[in-house]
1. What are the residues in region 12-51 that are among the hydroxyl-bearing types (Ser, Thr, Tyr) and exposed (fewer than 15 other Cβ atoms within 10 Å of the Cβ), if any?
2. Of all the residues that make up region 67-95, how many are out of contact with any helix residue (DSSP H, G or I) (no Cβ under 7 Å at 6 or more places or on another chain), farther than 13 Å from Leu53 by Cα, touching a residue at least 24 places away in the same chain (Cβ under 8 Å) and not hydroxyl-bearing (Ser, Thr, Tyr)?
3. For Thr12, all conditions in the list (1) in contact (Cβ under 8 Å) with a residue 12 or more places away in the chain; (2) closer than 17 Å to Thr73 by Cα hold save one; what is the number of the exception?
4. So Asn57 clears everything in (1) of a type in the set (S, T, N, Q); (2) modelled with pLDDT under 95; (3) under 21 Å from Asp6 (Cα atoms) except one condition, right? Which one?
5. Which condition breaks for Lys54 when tested against (1) exposed (fewer than 15 other Cβ atoms within 10 Å of the Cβ); (2) within 11 Å of the chain's Cα centre (by Cα); (3) not hydrophobic (A, V, I, L, M, F, W, C)?
6. Out of all the residues in region 27-38, is one or more over 12 Å from the mean Cα position of the chain (by Cα) and outside any loop (DSSP other than H, G, I, E, B)?
Amino acid sequence: MRFTCDNLVFSTHALKAMIARRLSFDGVAEVVKSGDIIASYPMDKPYPSYLLLKFVNGNPLHVVVATNEEENTCIIITAYEPDPEIWEPDFKRKK
């Protein structure tokens, strides 16, 4: 499954996290566009959400995105570089 969002909306939390973590908008958008879904949360409200992974500039990047399919919009919930102390070497599963 790939996301084809007409609109990308960044939550306030995501914007603050990206600034604090020095993550680029382009990098986060790249993860949404072509990252791998490593977890899904279909019961999240108000929209189902997904944890995505992609290596951007050689570094793993996780993005949590909710999808409003009616409006073809992806809402970025948060983004972060996963901690290798917490995640398996492939960054797809927690230790």
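The values are calculated or read from the model by the stated rules, or taken from the named source; none is laboratory data. Since the structure is predicted, the reported quantities are computational estimates derived from the model, not experimental observations. Because the Cβ atoms are built from the backbone with ideal geometry, glycine has one as well, and the counts that use them run over all protein chains shown.
1. Pass one, region 12-51, residues among the hydroxyl-bearing types (Ser, Thr, Tyr): 12, 24, 34, 40-41, 47, 49-50.
Scanning region 12-51 gives Thr12, Ser24, Ser34, Ser40, Tyr41.
2. 3
3. Failing condition for Thr12: (1).
4. Looking at each condition in turn, Asn57 falls short on (3).
5. With (1) exposed (fewer than 15 other Cβ atoms within 10 Å of the Cβ); (2) within 11 Å of the chain's Cα centre (by Cα); (3) not hydrophobic (A, V, I, L, M, F, W, C) applied to Lys54, the lone miss is (1).
6. No, because not a single residue in region 27-38 is over 12 Å from the mean Cα position of the chain (by Cα) and outside any loop (DSSP other than H, G, I, E, B).
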